[in-house]
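**Student:** The structure's right below; bear with me while I get my questions together.
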Amino acid sequence: MAATRQDTERDLTDRVRDLLRRHDPGTTEPRDFRGALFDSGLARVNYPPGLGGLGLPQGFQELVDTLLGAAGAPALLKQHNGIGLGMAAPTILAFGTEDQKRELLRPIFTNDHVYCQLFSEPEAGSDLASVATRAQRDGNDWSITGQKVWTSGAHHADMAILLARSDPGLPKHAGLTYFLVDMRSAGVEVRPLRQLTGEAEFNEVFLTDVRVPDSHRLGEIGQGWKVATTTLNNERVAIGSGAPREGGMIGKVAATWRENPQWRHPAMHDRLMRLWVDAEAIRITGERLRQQLEVGQPGPEGSGMKVLFARAAQAISGFDLELRGADGLRYDDWTMRRPDKVDYTGRGPGYRYLRAKGNSIEGGTSEILRNVIAERVLGLEAERRVDKDTAWKDLPR
Amino acid sequence: MNLAPAADLLYDETEEELRHSLRRLLADRCPPDRVLSVYDSSPTVSALWKAVAADLGLAGILVPESLGGAGLGAREAAVVMEELGRAAAPVPYLSSAVLATVALLTAGERDTVRRLALGDVTAALAVPLSTPPGEWPSTVTADDSGLTGRVTTVAGTELASVLVVAASGPDGQQLHTVNLPADGVTITPTPALDMTRPLADITLSGASSTRVDSGNAAEAVRRALWCAAALLPSEQYGVASWCLEATLSYVKERRQFGRAVGSFQAVKHRMADLWLEVGQTGALARYAADCLARDDADAEIAACVAQSFCGDAAVHAAEECVQLHGGIAMTWEYPAHLYLKRAKSDQLALGAGHQYRSRLSELVDLPSC
C-alpha cells in the first residue's frame with residue numbers, strides 16, 4: 001500500500017510538471033490552461049480517464065492542487081462555479097450518457113458553463129420532492145413552466161440544473177425528471193431577490209414555456225429524485241476539509257481580539273476560547289473525514305459537517321458583534337448589490353452575522369440534516385410521510 | 001499554523017488488533033456488574049489489572065524496549081485509554097502506566113521502570129488527580145528526616161506498591177520513590193464520586209524514600225501531567241462512545257405511545273447532535289495522541305483543545321444517556337451511572353476546561369487582557 005501510494009504520487013508529480021512545461025501558467029490564457037488541465041486528467045483525478053481524471057482515489061487531488069497552486073496556476077474558480085464543479089459535474093458523471101459526459105463536463109472545468117441550481121420553489125423548500133414546475137414532452141423537446149427561488153448566481157449563469165414534474169399523476173417522488181437548461185433560452189426570466197443583508201445574492205427565476213432538448217434530460221424520465229439526491233449529497237460532502245487554522249470566521253474574530261485590547265474582558269475571553277476550540281474541533285474533524293475518504297472509508301461525518309459549520313459560524317459572528325460594543329451597532333453598507341460571488345467572511349461583522357443565518361437554512365436546513373443523520377447514519381425510524389403514496393396532483397395544498 | 005501534514009487521525013492495523021484483544025478481555029473479565037461491585041466492596045480488581053498490565057503487556061506501552069517495555073507510543077496508549085473508558089474499567093492504567101511511569105522515565109529512573117513495564121509493580125504519582133500540567137503540585141518537603149506532608153485525592157494507590165512523590169527539598173524540586181508499605185506513610189481511601197478510579201489521601205511523616213531525579217524533577221512531573229492530559233481525551237471518547245451506543249440501542253427498543261421512542265423527532269435530533277459531538281471528540285482525542293506520539297510542535301495546543309472539548313462532551317454524552325434512558329438510568333443496576341460518574345470525574349481530572357483554555361490562549365496569542 002505504502003509503495004503504491006508513493007508511486008502514484010511520483011507519477012502525479014511528473015504529470016503536473018509535464019502539464020506546466022507544455023502550458024506555462026504565466027503566459028497561457030486561464031481558460032486554455034483549465035482545458036489542458038482537464039485533458040491531462042488532473043482536473044479531478046478521481047474522474048475517469050478522458051473525462052478530466054485518471055481514475056484515482058479522490059485523496060490524491062490535494063497533491064495536484066498543491067503543486068499547481070505553488071506554480072501559480074489558475075485555480076478552478078470554485079467560488080464562481082461552485083455549483084458547476086461541486087454539483088453538476090458529479091451528477092453528470094453519475095447519470096449522464098456517454099455523449100452527455102463528453103459534451104457537458106469539459107465546459108464546466110473551463111468555466112464556459114457556469115451553473116446555477118433551479119431546485120427550490122416557493123412551495124417546495126425542505127420538501128423538495130413536492131416541486132410544481134411542470135415539464136411536458138413536445139416532440140424532441142420538453143416545455144418547462146414554473147417558478148424557482150433562492151437561485152444564487154442565476155444572473156450570470158450559462159446553464160442550470162433543474163428539477164421538474166414530468167408526471168403529476170404519480171406520487172411526488174416518482175413524477176420528477178432532471179434537466180440541464182441553457183439559461184439564455186427564451187422564457188427564462190431572472191429577478192433579483194433582496195435579502196436581509198441588503199444585497200441580492202439570490203434570484204427568483206420564472207420559467208415560461210422554456211424549450212429544453214430531450215438530449216439535455218439527465219437520467220431517465222421519472223428518475224429525477226434519485227438524480228437530485230446525488231447532487232445534494234455532493235453539495236454536503238463538499239463542505240469543510242483542508243482549511244488552515246483560523247481560516248474562516250474565527251480568524252476574523254481572533255484578529256479583532258489581537259488588534260483591539262480595549263475590547264478585551266475576562267468574561268468575553270473564555271467565550272472566545274470556547275469558540276476557537278469549537279472551530280478547531282470542526283477543522284480537525286474535517287481533516288479526519290478527508291483522511292477517511294482518502295483511504296476509501298467514507299466517514300458518515302460528511303452530512304454532519306454542515307450542521308457543525310452553520311452553528312459555529314452563527315455563534316462566532318454573533319460574538320464578533322458583542323465584542324465590539326458600540327461599534328457593533330454599526331453596519332457597513334445597505335446598498336442593494338448583486339455580488340458575483342459569495343464570501344461569508346468578506347464584509348463587515350454586521351453582514352457576517354446576518355449572512356450566517358442562512359448557513360443553517362441553505363442546502364438543507366440543520367433540522368433536515370439531523371433527520372438525515374438520525375435515519376441514515378444511526379438507523380432510527382424515518383419520519384412518517386402521509387403524502388408518500390398519493391398522486392402529486394391529489395395532495396392537499 | 002496549519003495542521004501538520006504528518007498528522008494521522010486514523011487507526012492502523014496494529015492499533016486495531018490491540019483494541020480488539022483488550023476489548024475482548026474487558027468484555028469477558030470486566031462486565032458492568034463486575035465494575036459495579038467496586039462501589040460496595042473492597043476492590044477485587046488486582047486479577048483484572050494483572051491481565052491488562054502484565055498478560056497483555058499494556059503497562060509497558062510507553063516504555064522503550066531497552067527498558068523492557070513494548071516500545072510503542074502515545075497512539076497505542078490512547079487506544080488502551082479508549083477501551084478502558086468504554087468499559088469504565090476500574091484499573092490504574094492512567095495513574096501507574098502513564099503518570100507514574102512517564103514521571104520516572106523522564107527523571108531517568110530505571111529499576112522501577114523496568115518492573116513497571118513488566119507489570120510486576122504498580123505505582124502511583126502522589127499528586128491530587130485534579131492537578132493541571134504546568135503546576136508544581138507538591139505539598140511535601142524532603143529533608144534528612146525523610147518525606148513529610150499531606151497529599152489529597154490521589155488516584156491509583158489501592159494496588160500501588162510504589163509511590164512516586166514530588167517533594168520540595170533544600171536544593172529545590174525533587175522526585176522520590178517510596179516502597180509500600182512503609183513506616184511514616186498513611187494512605188486513607190476516601191469515597192470518590194467515581195469509584196472506578198478510587199482516591200486516597202496520603203500523609204507522610206518522615207517516610208524514608210529514594211531520590212530518583214537528577215535535578216529534573218519539575219520536568220518529570222510536567223511531562224507526566226502533559227502526557228496524561230493528552231491521553232485522557234481518548235478515555236473520554238471511549239466513555240462518550242459507550243453512552244452514545246447504549247442510548248441508541250435503547251431508544252430503538254424502548255416503546256411508548258405505540259412506537260419506538262427513537263422515532264420521535266425531539267429524540268432523533270438529540271441523537272444526531274450527540275453523534276456529531278462524539279465524532280468530534282474522537283477526532284480531537286486522536287489528534288492530541290498523534291501529536292504527542294510524534295512530539296509535534298502542535299502537541300500542547302492539541303492537548304489543550306482536546307481537554308477543553310472532550311471533557312465537556314463526555315459529560316454531555318453521559319447526561320444525555322441518562323435523560324434519554326429515563327427512569328432505568330436512575331437505577332443502581334443499570335450501568336449508565338458508572339459512565340456519568342466516570343465522565344464527571346474525568347472532566348475535573350488533570351485540571352478543568354477553563355484552565356486549558358487559559359493556557360491555550362497564551363499559546364495561540366489571544367491574551368485575556
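**Student:** Within the range B:313-328, find all residues whose amide N lies under 16 Å from a label point positioned 7 Å from the Cα of B:Arg254 along Cα-to-beta-carbon.
**Tutor:** B:317-328
**Student:** Between the range A:263-298 and the range B:215-252, what is the C-alpha centre distance in whole Å?
**Tutor:** A separation of 18 Å, based on Cα centres.
**Student:** Calculate how steeply helix B:299-325 sits against the longest principal axis of the alpha-carbon atoms of chain B, using the helix alpha-carbon long axis, and give the answer as 0 to 90 degrees to the nearest 10.
**Tutor:** The angle comes out at about 40 degrees.
**Student:** May I ask for log10 I(q)/I(0) of the range B:13-122 at q = 0.13, 0.18, 0.20, 0.21 Å⁻¹, from a Debye sum over the Cα atoms as equal point scatterers with solvent left out?
**Tutor:** Results for the range B:13-122 at q = 0.13, 0.18, 0.20, 0.21 Å⁻¹ read -0.45, -0.84, -1.01, -1.10.
**Student:** Would you tell me the mean number of C-beta atoms belonging to other protein chains that fall within 10 Å of each C-beta in B:276-282, as a whole number?
**Tutor:** Numbers: counts 13, 3, 0, 11, 10, 2, 4.
Mean shielding count: 6.
**Student:** Can you tell me the order of B:127-139, B:22-34 when each peptide is scored by its average per-residue count of other Cβ atoms within 10 angstrom, highest first?
**Tutor:** Numbers: B:127-139: 19.2, B:22-34: 15.2.
In decreasing order of mean packing, B:127-139, B:22-34 become B:127-139, B:22-34.
**Student:** With every atom except the alpha carbons ignored, what do you get for Rg and Dmax of the range B:180-273, in angstroms?
**Tutor:** Radius of gyration, then largest Cα-Cα span, for the range B:180-273: 23.2, 69 Å.
**Student:** I would also like to ask the following. Taking C-beta distances below 4.7 angstrom as the pairing criterion, name the unpartnered cysteines of the protein assembly as shown, in sequence order.
**Tutor:** Those would be A:Cys116, B:Cys30, B:Cys227, B:Cys291, B:Cys304, B:Cys310, B:Cys369, since no other cysteine Cβ in the protein assembly as shown comes under 4.7 Å of theirs.
**Student:** I've got another one for you. Quick one: among A:Leu378, A:Leu67, A:Leu19, which has the greatest mean-square fluctuation in a GNM of chain A with alpha-carbon springs under 10 angstrom?
**Tutor:** Residue with maximal mean-square fluctuation among A:Leu378, A:Leu67, A:Leu19: A:Leu378.
**Student:** Under 18 Å from a point placed 7 Å out from the Cα of A:Glu362 along the Cα-to-Cβ direction: which residues of the range A:105-131 have their backbone N that close?
**Tutor:** Inside the label zone: A:114-122, A:125-126.
**Student:** Continuing with the same structure: Binning every alpha carbon pair distance of chain A at 10 Å from zero, what are the percents per bin?
**Tutor:** 4, 19, 28, 27, 16, 4, 0, 0
**Student:** Once Lys and Arg get +1 and Asp and Glu get -1 on their Cβ, which of A:Val277, B:Pro31, B:Val322 lies farthest toward the positive end of the dipole of the protein assembly as shown?
**Tutor:** The listed residue farthest towards the positive side: B:Val322.
**Student:** Starting from a Cα-only point model with no solvent, please compute log10 I(q)/I(0) by Debye for the range B:211-369 at q = 0.12 1/Å.
**Tutor:** Ignoring solvent entirely, the Cα scatterers give -0.59.
**Student:** Could you tell me how far the Cα centroid of the range B:90-156 sits from the Cα centroid of the range A:141-219, in Å?
**Tutor:** The range A:141-219 and the range B:90-156 have Cα centres separated by 69 Å.
**Student:** If you put +1 on each Lys and Arg Cβ and -1 on each Asp and Glu Cβ, how big is the dipole of the range A:255-326 around its Cα centre, in Debye rounded to 20? Walk me through the intermediate numbers first.
**Tutor:** Working: 10 positive and 9 negative charges, 18 e Å.
With only Lys, Arg, Asp and Glu charged at Cβ, the dipole is about 80 debye.
**Student:** Still on this structure, I have one more. Report, as an integer, the average count of C-beta atoms from other chains found within 10 Å of each Cβ along A:364-373.
**Tutor:** Numbers: counts 0, 0, 3, 3, 0, 3, 9, 4, 1, 7.
If you average over the peptide's residues, the count of other-chain Cβ atoms is 3.
**Student:** Provide Rg and Dmax in Å for the range A:304-397, with only Cα atoms included in the calculation.
**Tutor:** Expressed in Å, the Cα Rg and Dmax of the range A:304-397 come to 18.8, 56.
**Student:** Compute log10 of I(q)/I(0) for the range A:113-222 with the Debye formula, placing one identical point scatterer on every Cα and leaving out solvent, at q = 0.11, 0.16 Å⁻¹, to two decimals.
**Tutor:** Here log10 of I(q) over I(0) equals -0.31, -0.66.
**Student:** If neighbour count is taken as other Cβ atoms inside 10 Å, put A:Asp14, B:Asp213 in order from fewest to most. All intermediate terms of the calculation are to be shown ahead of the outcome.
**Tutor:** Working: A:Asp14 10, B:Asp213 24.
Ascending Cβ contact count within 10 Å gives the list A:Asp14, B:Asp213.
**Student:** Set Lys and Arg Cβ to +1 and Asp and Glu Cβ to -1, take the dipole of the protein assembly as shown about its Cα centre, and tell me which of A:Asn233, B:Ser41, A:Gly363 lies farthest positive.
**Tutor:** The listed residue farthest towards the positive side: A:Gly363.
**Student:** Please get the size of the charge dipole for the range B:13-122, origin at its Cα centre, with Cβ charges of +1 on Lys and Arg and -1 on Asp and Glu, quoted in debye to the nearest 20. Working shown, then result.
**Tutor:** Details: 11 positive and 15 negative charges, 40 e Å.
Rounded to the nearest 20 debye, it is 200 debye.
**Student:** Sorted by average packing, counted as other Cβ atoms within 10 angstrom per residue and highest first, what order do A:140-148, B:98-106 take? Before the final figure, lay out each step's value.
**Tutor:** Numbers: A:140-148: 18.6, B:98-106: 26.7.
Descending packing order for the listed peptides: B:98-106, A:140-148.
**Student:** For A:Asp39, B:Asp40, what ranking results if the residue with the fewest other Cβ atoms within 10 Å of its Cβ goes first? Please report the intermediate quantities before stating the final value.
**Tutor:** Values: A:Asp39 15, B:Asp40 8.
Ordered from fewest to most neighbouring Cβ atoms within 10 Å, A:Asp39, B:Asp40 come out as B:Asp40, A:Asp39.
**Student:** Inside 10 Å of the C-beta atoms of B:299-309, what's the mean count of C-beta atoms belonging to other chains? Show your work: numbers first, answer last.
**Tutor:** On the way: counts 0, 0, 2, 2, 0, 3, 9, 4, 1, 8, 6.
Other-chain Cβ atoms within 10 Å of each residue's Cβ, averaged: 3.
**Student:** Sticking with this structure for a sec: I need the semi-axes of the equivalent ellipsoid of the range B:58-215: take the C-alpha gyration tensor, multiply each eigenvalue by 5, square-root it, list largest first in whole angstrom. Display every interim value, and only then the final one.
**Tutor:** Details: eigenvalues 118, 73, 35 Å².
Whole-Å semi-axes of the equivalent ellipsoid: 24, 19, 13.
**Student:** Of the candidates B:Ser95, B:Ser234, B:Ser21, which one comes out as most mobile in a Gaussian network treatment of chain B with C-alpha springs shorter than 10 Å?
**Tutor:** B:Ser21
**Student:** What's the center-to-center distance, using Cα atoms, between the range A:348-397 and the range A:30-53 in Å?
**Tutor:** Each part reduced to its Cα centre gives a spacing of 35 Å.
**Student:** List the residues whose amide H sits under 5 Å from the amide H of A:Trp142, counting only those 5 or more places along or on another chain, with H placed 1.01 Å from N in the peptide plane.
**Tutor:** A:Val212, A:Asp214
**Student:** Taking 0.36 nm per residue of separation and subtracting the Cα-Cα distance, what length does fully extending B:Thr14 through B:Glu333 add?
**Tutor:** Extra length available between B:Thr14 and B:Glu333 comes to 111.3 nm.
**Student:** Under Stokes-Einstein, with the Kirkwood radius over Cα pairs standing in for Rh, what whole-number D in µm²/s applies to the range A:7-109 at 25 °C and 0.890 mPa s? Kindly include the intermediate steps, with their values, before the conclusion.
**Tutor:** Values: Rh = 13.8 Å.
My calculation gives 178 µm²/s for D.
**Student:** What number, rounded to the nearest 500 deg cm²/dmol, is the helix-based mean residue ellipticity at 222 nm of chain A, given -39500 (n - 2.57) per DSSP H run of at least four residues and division by all its residues? Please list the in-between numbers first.
**Tutor:** Details: 11 runs with 152 residues, N = 397.
Rounded to the nearest 500, the figure is -12500 deg cm²/dmol.
**Student:** Continuing with this model, one more query. Mind checking the dipole of chain B: about its Cα centre, +1 per Lys or Arg Cβ, -1 per Asp or Glu Cβ, Debye to the nearest 20? Please report the intermediate quantities before stating the final value.
**Tutor:** Working: 29 positive and 44 negative charges, 212 e Å.
Using only the charged Cβ atoms, the result is roughly 1020 debye.
**Student:** To the nearest 10 degrees, how steeply does helix B:353-363 sit against the main Cα axis of chain B, on a 0 to 90 scale?
**Tutor:** 70
**Student:** Still on this model: Order A:213-220, A:253-260, A:202-209 from most to least packed using the mean count of other Cβ atoms within 10 Å. List each step's numbers first, then the result.
**Tutor:** Values: A:213-220: 17.2, A:253-260: 15.6, A:202-209: 19.5.
For the peptides A:213-220, A:253-260, A:202-209, the packing ranking is A:202-209, A:213-220, A:253-260.
**Student:** What percent of all Cα-Cα pairs in the range A:227-377 falls into each 10 Å bin, going from 0 up to the bin containing the maximum distance?
**Tutor:** 10, 36, 33, 17, 4, 0
**Student:** Something else: For the range B:141-216, which semi-axes, largest first and in whole Å, follow from the square roots of 5 times the eigenvalues of its Cα gyration tensor? Spell out each step's value before the answer.
**Tutor:** On the way: eigenvalues 107, 31, 24 Å².
Each semi-axis is √(5λ); the values are 23, 12, 11 Å.
**Student:** In Å, what is the Rg of the alpha-carbon atoms in the protein assembly as shown, and how long is Dmax?
**Tutor:** When restricted to the Cα atoms of the protein assembly as shown, Rg and Dmax are 30.0, 104 Å.
**Student:** Note down, for chain B, the three equivalent ellipsoid semi-axes (square root of 5 times each alpha carbon gyration tensor eigenvalue), biggest first, whole angstrom.
**Tutor:** Numbers: eigenvalues 237, 108, 76 Å².
Taking √(5λ) for each Cα gyration eigenvalue gives 34, 23, 19 Å.
Rule-based calculations on the coordinates, nothing more; no lab input. In this text, all values refer to a predicted model and were calculated from it rather than measured experimentally. FYI the Cβ positions are ideal-geometry reconstructions off the backbone, even for glycines, and counts take in every protein chain you see.
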